[in-house]
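The structure appears right after this line, and notes come after that.
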Amino acid sequence: MTKNVLLTGGFGTLGGRISADLSKNSEINLRLASRQKRQPPSWAPKAEVCLIDFENQNSIKQMLHEVTHVVHLAALNDYECRADPQHAQLVNVEYTRRIVEQASDIKNLRFIYLSTIQVYGNTLTGVVTEQSPTNPRDAYAQTHLDAEHIVEHAHNSQQLEGVRLRSANGFGAPMSPDAKIWQIIANDLCRQAVETKKLTLKSHGLQFRNFVPFTDVCSAVNHVLQLDKQQIADGLFNVGGRGSLQIIQMAELVAARCEIILGFIPKIEKPNETPDALPNAFEYSSAKLFATGLNLNWDIEKEIDSLLQSCKNWFKFQN
(Lines give C-alpha, C1' and ligand atoms only; values in the text may rest on other atoms or scores of the structure.)
Protein backbone atom coordinates (compact mmCIF):
# COMPACT_ATOMS: atom_id res chain seq x y z
CA MET A 1 0.00 0.00 0.00
CA THR A 2 1.39 3.38 -1.00
CA LYS A 3 2.21 5.74 1.86
CA ASN A 4 2.18 9.51 1.52
CA VAL A 5 4.91 10.51 3.97
CA LEU A 6 5.52 14.06 5.13
CA LEU A 7 8.99 14.65 6.54
CA THR A 8 9.72 17.86 8.41
CA GLY A 9 13.37 18.72 8.85
CA GLY A 10 14.17 16.66 5.77
CA PHE A 11 16.92 19.06 4.68
CA GLY A 12 18.69 18.78 8.03
CA THR A 13 21.35 16.37 9.22
CA LEU A 14 19.38 13.30 10.24
CA GLY A 15 16.48 14.40 8.05
CA GLY A 16 18.70 14.31 5.00
CA ARG A 17 19.71 10.74 5.75
CA ILE A 18 16.12 9.69 6.41
CA SER A 19 14.81 11.37 3.26
CA ALA A 20 17.53 9.69 1.20
CA ASP A 21 16.57 6.35 2.71
CA LEU A 22 12.81 6.77 2.25
CA SER A 23 13.21 8.01 -1.33
CA LYS A 24 14.51 4.56 -2.30
CA ASN A 25 11.17 2.98 -1.39
CA SER A 26 8.90 2.83 -4.44
CA GLU A 27 5.84 2.50 -2.18
CA ILE A 28 6.45 5.87 -0.52
CA ASN A 29 5.46 9.24 -1.93
CA LEU A 30 7.76 11.59 -0.05
CA ARG A 31 6.96 15.22 0.75
CA LEU A 32 9.57 17.46 2.36
CA ALA A 33 8.45 20.52 4.30
CA SER A 34 10.73 23.54 4.21
CA ARG A 35 10.48 27.08 5.54
CA GLN A 36 12.52 28.19 2.52
CA LYS A 37 11.64 27.77 -1.15
CA ARG A 38 13.81 24.90 -2.39
CA GLN A 39 14.18 22.40 -5.16
CA PRO A 40 14.17 18.68 -4.31
CA PRO A 41 17.58 17.72 -2.91
CA SER A 42 19.95 15.58 -4.94
CA TRP A 43 19.58 12.73 -2.44
CA ALA A 44 15.76 12.68 -2.89
CA PRO A 45 15.19 14.02 -6.42
CA LYS A 46 11.62 12.71 -6.73
CA ALA A 47 10.41 14.19 -3.46
CA GLU A 48 7.80 16.93 -3.44
CA VAL A 49 8.93 20.04 -1.58
CA CYS A 50 6.27 22.18 0.06
CA LEU A 51 6.82 25.62 1.54
CA ILE A 52 5.62 25.79 5.15
CA ASP A 53 4.81 28.67 7.45
CA PHE A 54 4.23 27.30 10.95
CA GLU A 55 2.63 30.62 11.91
CA ASN A 56 -0.15 30.01 9.38
CA GLN A 57 -2.75 27.32 10.09
CA ASN A 58 -3.77 27.12 6.43
CA SER A 59 -0.15 26.51 5.45
CA ILE A 60 0.07 23.63 7.93
CA LYS A 61 -3.23 22.22 6.67
CA GLN A 62 -1.99 22.35 3.07
CA MET A 63 1.28 20.69 4.08
CA LEU A 64 -0.74 17.77 5.49
CA HIS A 65 -3.06 17.44 2.49
CA GLU A 66 -3.50 13.74 1.56
CA VAL A 67 -0.68 12.74 3.94
CA THR A 68 -0.94 9.32 5.64
CA HIS A 69 2.26 9.44 7.73
CA VAL A 70 4.26 12.24 9.33
CA VAL A 71 7.89 12.00 10.43
CA HIS A 72 8.56 15.11 12.49
CA LEU A 73 12.20 16.13 12.91
CA ALA A 74 12.05 19.90 12.56
CA ALA A 75 13.59 21.26 15.77
CA LEU A 76 16.46 23.35 17.07
CA ASN A 77 19.61 21.42 17.93
CA ASP A 78 21.11 21.26 21.42
CA TYR A 79 23.38 24.29 20.97
CA GLU A 80 20.57 26.42 19.56
CA CYS A 81 18.22 25.42 22.38
CA ARG A 82 20.70 26.35 25.08
CA ALA A 83 21.44 29.67 23.40
CA ASP A 84 17.76 30.65 23.10
CA PRO A 85 15.41 28.55 25.29
CA GLN A 86 12.41 30.75 24.46
CA HIS A 87 12.83 30.21 20.73
CA ALA A 88 13.33 26.49 21.41
CA GLN A 89 9.95 26.43 23.15
CA LEU A 90 8.33 27.93 20.06
CA VAL A 91 10.01 25.75 17.44
CA ASN A 92 10.30 22.45 19.30
CA VAL A 93 7.05 22.50 21.26
CA GLU A 94 4.52 24.97 19.89
CA TYR A 95 5.14 24.09 16.24
CA THR A 96 4.76 20.40 17.13
CA ARG A 97 1.46 21.21 18.84
CA ARG A 98 0.18 23.02 15.75
CA ILE A 99 1.05 20.13 13.43
CA VAL A 100 -0.48 17.55 15.77
CA GLU A 101 -3.70 19.54 16.07
CA GLN A 102 -4.12 19.63 12.30
CA ALA A 103 -2.96 16.04 11.84
CA SER A 104 -5.57 14.85 14.35
CA ASP A 105 -8.27 15.70 11.80
CA ILE A 106 -6.87 13.11 9.38
CA LYS A 107 -8.25 9.61 9.89
CA ASN A 108 -5.70 6.91 10.84
CA LEU A 109 -2.70 9.20 10.39
CA ARG A 110 0.55 7.95 11.93
CA PHE A 111 2.75 10.59 13.53
CA ILE A 112 6.38 9.70 14.28
CA TYR A 113 8.29 12.07 16.54
CA LEU A 114 12.08 11.94 16.89
CA SER A 115 13.07 12.61 20.48
CA THR A 116 16.31 12.15 22.40
CA ILE A 117 18.02 10.04 25.06
CA GLN A 118 18.65 13.30 26.90
CA VAL A 119 15.11 13.33 28.28
CA TYR A 120 16.40 10.73 30.78
CA GLY A 121 19.05 13.14 32.09
CA ASN A 122 22.79 13.48 31.66
CA THR A 123 24.06 11.06 34.33
CA LEU A 124 22.66 7.69 33.28
CA THR A 125 23.32 4.46 35.18
CA GLY A 126 22.16 0.85 35.06
CA VAL A 127 19.70 -0.19 32.38
CA VAL A 128 17.72 2.65 30.80
CA THR A 129 14.35 1.53 29.44
CA GLU A 130 11.21 3.35 28.41
CA GLN A 131 10.02 2.88 32.00
CA SER A 132 12.99 4.79 33.43
CA PRO A 133 12.14 8.19 34.95
CA THR A 134 12.75 11.27 32.84
CA ASN A 135 14.99 14.04 34.13
CA PRO A 136 15.54 16.71 31.46
CA ARG A 137 18.40 19.01 32.43
CA ASP A 138 18.31 21.72 29.77
CA ALA A 139 16.06 23.37 27.18
CA TYR A 140 16.94 20.82 24.51
CA ALA A 141 15.81 17.85 26.59
CA GLN A 142 12.84 19.65 28.16
CA THR A 143 11.38 20.87 24.89
CA HIS A 144 11.68 17.41 23.36
CA LEU A 145 9.92 15.89 26.35
CA ASP A 146 7.20 18.56 26.17
CA ALA A 147 6.69 17.77 22.48
CA GLU A 148 6.56 14.06 23.31
CA HIS A 149 3.71 14.74 25.73
CA ILE A 150 1.72 16.42 22.94
CA VAL A 151 2.11 13.37 20.69
CA GLU A 152 1.43 11.02 23.61
CA HIS A 153 -1.83 12.79 24.49
CA ALA A 154 -3.05 12.68 20.89
CA HIS A 155 -2.17 8.97 20.71
CA ASN A 156 -3.90 8.11 24.00
CA SER A 157 -6.95 10.08 22.88
CA GLN A 158 -6.96 8.08 19.62
CA GLN A 159 -6.69 11.26 17.58
CA LEU A 160 -3.79 9.72 15.67
CA GLU A 161 -1.27 6.88 15.86
CA GLY A 162 1.58 8.49 17.76
CA VAL A 163 5.09 7.03 17.88
CA ARG A 164 7.90 8.57 19.93
CA LEU A 165 11.45 7.43 19.18
CA ARG A 166 14.05 8.36 21.80
CA SER A 167 17.30 8.20 19.89
CA ALA A 168 20.66 7.74 21.58
CA ASN A 169 23.73 9.70 20.42
CA GLY A 170 23.27 9.42 16.66
CA PHE A 171 26.25 10.05 14.39
CA GLY A 172 27.27 9.67 10.78
CA ALA A 173 27.87 11.49 7.53
CA PRO A 174 25.27 14.13 6.65
CA MET A 175 24.17 14.59 3.06
CA SER A 176 26.04 17.90 2.74
CA PRO A 177 29.00 19.53 4.52
CA ASP A 178 27.02 22.56 5.72
CA ALA A 179 24.84 20.47 8.02
CA LYS A 180 24.70 21.62 11.64
CA ILE A 181 26.23 18.42 12.97
CA TRP A 182 29.92 18.98 13.45
CA GLN A 183 29.60 19.77 17.16
CA ILE A 184 28.65 16.20 18.14
CA ILE A 185 31.44 13.95 19.38
CA ALA A 186 31.96 11.39 16.61
CA ASN A 187 31.48 13.87 13.77
CA ASP A 188 33.75 16.40 15.42
CA LEU A 189 36.50 13.79 15.86
CA CYS A 190 36.33 12.67 12.23
CA ARG A 191 36.50 16.24 10.97
CA GLN A 192 39.42 16.97 13.31
CA ALA A 193 41.27 13.97 11.89
CA VAL A 194 41.12 15.46 8.39
CA GLU A 195 41.71 19.11 9.30
CA THR A 196 44.35 18.75 12.05
CA LYS A 197 45.53 15.13 11.84
CA LYS A 198 44.96 14.84 15.59
CA LEU A 199 42.01 14.25 17.88
CA THR A 200 41.63 16.77 20.68
CA LEU A 201 39.19 15.97 23.47
CA LYS A 202 37.66 18.73 25.59
CA SER A 203 37.67 16.59 28.75
CA HIS A 204 39.19 13.44 30.25
CA GLY A 205 37.01 11.36 27.92
CA LEU A 206 35.93 8.81 30.52
CA GLN A 207 32.23 9.65 30.19
CA PHE A 208 30.05 6.95 28.68
CA ARG A 209 27.77 7.57 25.71
CA ASN A 210 25.51 5.30 23.71
CA PHE A 211 26.41 5.85 20.06
CA VAL A 212 23.97 4.78 17.36
CA PRO A 213 24.79 5.02 13.63
CA PHE A 214 22.45 7.20 11.57
CA THR A 215 21.98 4.12 9.37
CA ASP A 216 20.26 2.39 12.26
CA VAL A 217 18.12 5.40 13.14
CA CYS A 218 16.94 5.45 9.52
CA SER A 219 16.11 1.75 9.77
CA ALA A 220 14.13 2.37 12.94
CA VAL A 221 12.09 5.13 11.29
CA ASN A 222 11.40 2.95 8.26
CA HIS A 223 10.38 0.12 10.57
CA VAL A 224 7.81 2.11 12.55
CA LEU A 225 6.38 3.49 9.30
CA GLN A 226 5.53 -0.11 8.35
CA LEU A 227 4.60 -1.37 11.82
CA ASP A 228 1.16 -2.89 12.42
CA LYS A 229 -1.04 -0.65 14.52
CA GLN A 230 -1.36 -3.32 17.23
CA GLN A 231 2.41 -3.36 17.75
CA ILE A 232 2.63 0.35 18.48
CA ALA A 233 1.09 -0.11 21.94
CA ASP A 234 1.85 3.08 23.93
CA GLY A 235 4.04 4.35 21.08
CA LEU A 236 7.26 4.94 23.05
CA PHE A 237 10.52 3.29 21.94
CA ASN A 238 14.22 3.72 22.68
CA VAL A 239 16.62 3.52 19.72
CA GLY A 240 20.22 2.89 20.72
CA GLY A 241 23.49 1.21 19.89
CA ARG A 242 24.75 -2.19 20.98
CA GLY A 243 26.50 -0.88 24.08
CA SER A 244 27.87 2.26 25.63
CA LEU A 245 31.40 3.50 24.92
CA GLN A 246 33.58 5.99 26.73
CA ILE A 247 34.38 9.08 24.69
CA ILE A 248 38.07 8.13 24.77
CA GLN A 249 37.13 4.72 23.35
CA MET A 250 35.29 6.39 20.49
CA ALA A 251 38.37 8.55 19.85
CA GLU A 252 40.56 5.43 19.79
CA LEU A 253 38.15 3.76 17.37
CA VAL A 254 38.19 6.81 15.08
CA ALA A 255 42.01 6.82 15.20
CA ALA A 256 42.11 3.13 14.25
CA ARG A 257 39.74 3.64 11.32
CA CYS A 258 41.80 6.66 10.20
CA GLU A 259 44.73 4.37 9.57
CA ILE A 260 42.58 2.33 7.17
CA ILE A 261 40.63 5.14 5.47
CA LEU A 262 43.07 8.07 5.58
CA GLY A 263 46.38 6.26 5.85
CA PHE A 264 47.60 7.67 9.18
CA ILE A 265 46.93 7.39 12.91
CA PRO A 266 46.04 10.74 14.48
CA LYS A 267 47.43 11.53 17.92
CA ILE A 268 44.83 11.77 20.68
CA GLU A 269 45.22 14.77 22.98
CA LYS A 270 43.18 15.45 26.10
CA PRO A 271 43.40 17.57 29.24
CA ASN A 272 45.53 16.17 32.04
CA GLU A 273 42.69 15.83 34.50
CA THR A 274 41.02 13.09 36.51
CA PRO A 275 37.37 13.19 37.58
CA ASP A 276 36.53 13.07 41.28
CA ALA A 277 34.53 9.91 40.58
CA LEU A 278 34.67 7.66 37.55
CA PRO A 279 31.56 8.03 35.36
CA ASN A 280 29.15 5.10 35.43
CA ALA A 281 28.59 2.78 32.51
CA PHE A 282 25.00 2.22 31.45
CA GLU A 283 22.93 0.17 29.03
CA TYR A 284 20.43 1.88 26.75
CA SER A 285 17.85 -0.79 26.03
CA SER A 286 16.07 -0.98 22.68
CA ALA A 287 14.54 -4.35 23.54
CA LYS A 288 10.98 -3.05 23.31
CA LEU A 289 11.50 -1.92 19.71
CA PHE A 290 13.35 -5.13 18.80
CA ALA A 291 10.37 -7.13 20.11
CA THR A 292 8.34 -5.65 17.24
CA GLY A 293 10.68 -7.29 14.72
CA LEU A 294 13.35 -4.65 14.10
CA ASN A 295 16.90 -5.81 13.44
CA LEU A 296 19.80 -3.34 13.40
CA ASN A 297 23.33 -3.78 12.05
CA TRP A 298 25.03 -1.73 14.79
CA ASP A 299 28.04 -1.34 12.47
CA ILE A 300 29.84 1.57 14.14
CA GLU A 301 33.05 0.99 12.15
CA LYS A 302 31.24 1.19 8.82
CA GLU A 303 29.51 4.43 9.88
CA ILE A 304 32.85 5.93 10.97
CA ASP A 305 34.48 4.88 7.69
CA SER A 306 31.75 6.59 5.67
CA LEU A 307 32.01 9.68 7.86
CA LEU A 308 35.80 9.85 7.48
CA GLN A 309 35.51 9.50 3.71
CA SER A 310 32.95 12.33 3.58
CA CYS A 311 35.21 14.52 5.71
CA LYS A 312 38.11 13.74 3.37
CA ASN A 313 36.00 14.85 0.40
CA TRP A 314 34.68 18.02 2.04
CA PHE A 315 37.47 19.34 4.26
CA LYS A 316 41.19 19.99 3.95
CA PHE A 317 44.19 19.80 6.25
CA GLN A 318 44.77 23.14 7.96
CA ASN A 319 48.38 23.89 8.94
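The values are calculated or read from the model by the stated rules, or taken from the named source; none is laboratory data. If you're wondering where the values come from, they're calculated on a predicted model, not measured in any experiment. Heads up, the Cβs are rebuilt from the backbone with ideal geometry, glycines too, and the neighbour counts pull from every protein chain shown.
Restricting to region 220-243, name every residue that is in contact (Cβ under 8 Å) with a residue 40 or more places away in the chain and surrounded by fewer than 17 Cβ atoms within 10 Å (Cβ to Cβ).
Scanning region 220-243 gives 229, 231, 234, 243.
Write out, first by first residue and then by second, each pair whose Cβ atoms fall under 9 Å of each other, whose residues are 6+ apart or on separate chains, and whose first residue, in region 63-84, is among the hydroxyl-bearing types (Ser, Thr, Tyr) while the second is crowded, with 19+ Cβ neighbours inside 10 Å and part of a helix (DSSP H, G or I).
79/140
Spot the failing condition for residue 202; the list is (1) in contact (Cβ under 8 Å) with a residue 40 or more places away in the chain; (2) closer than 30 Å to residue 155 by Cβ; (3) of a type in the set (D, E, K, R), and only one is missed.
So the condition that residue 202 fails would be (2).
For region 39-60, which residues satisfy the criterion of being surrounded by 13 or more Cβ atoms within 10 Å (Cβ to Cβ), more than 18 Å from residue 310 (Cα to Cα) and not acidic (Asp, Glu)?
Scanning region 39-60 gives 40, 44, 47, 49, 50, 51, 52, 54, 59, 60.
Give just the number: which of (1) aliphatic (A, V, I, L, M); (2) in the same structural domain as residue 25 (by TED's automatic domain parsing); (3) more than 30 Å from residue 67 (Cβ to Cβ) does residue 201 not satisfy?
Condition not satisfied by residue 201: (2).
Could you list, in sequence order, the residues of region 1-41 that are assigned to a loop (DSSP other than H, G, I, E, B), over 13 Å from residue 74 (Cβ atoms) and without any contact (Cβ under 8 Å) to a residue 40 or more places away in the chain?
Selection gives 1, 2, 23, 24, 26, 27, 37, 38, 39, 40.
Could you list, in sequence order, all residues of region 94-132 that are under 13 Å from residue 151 (Cβ atoms) and not β-branched (Val, Ile, Thr)?
The answer is 95, 97, 98, 101, 103, 104, 109, 110, 111, 113, 114, 115.
Scanning region 93-113 for residues that are in a helix (DSSP H, G or I) and buried (at least 23 other Cβ atoms within 10 Å of the Cβ), which turns out farthest from the chain's Cα centre (by Cα)?
103
Which pairs turn up if I take residues in region 270-286 that are exposed (fewer than 10 other Cβ atoms within 10 Å of the Cβ) and look for partners that are in a loop (DSSP other than H, G, I, E, B) with beta carbon separation below 6 Å, at least 6 apart in sequence or on another chain?
Here the result reads 273/204, each pair linking region 270-286 to a residue that is in a loop (DSSP other than H, G, I, E, B).
Out of (1) crowded, with 16+ Cβ neighbours inside 10 Å; (2) part of a loop (DSSP other than H, G, I, E, B), what's the single condition that is false for residue 134?
Among (1) crowded, with 16+ Cβ neighbours inside 10 Å; (2) part of a loop (DSSP other than H, G, I, E, B), the lone unmet condition for residue 134 is (1).
As an exercise: evaluate residue 61 against (1) assigned to a loop (DSSP other than H, G, I, E, B); (2) more than 23 Å from residue 224 (Cβ to Cβ) and give the number of the one condition it does not meet.
(1)
Which one is surrounded by the most Cβ atoms within 10 Å (Cβ to Cβ) among residues in region 287-319 that are of a type in the set (Phe, Trp, Tyr) and modelled with pLDDT under 95?
Among residues in region 287-319 that are of a type in the set (Phe, Trp, Tyr) and modelled with pLDDT under 95, the one surrounded by the most Cβ atoms within 10 Å (Cβ to Cβ) is 298.
For the structure I just gave you, tell me whether residue 177 is surrounded by fewer than 19 Cβ atoms within 10 Å (Cβ to Cβ), touching a Cys at 6+ places or on another chain (Cβ under 9 Å) and not hydrophobic (A, V, I, L, M, F, W, C).
yes
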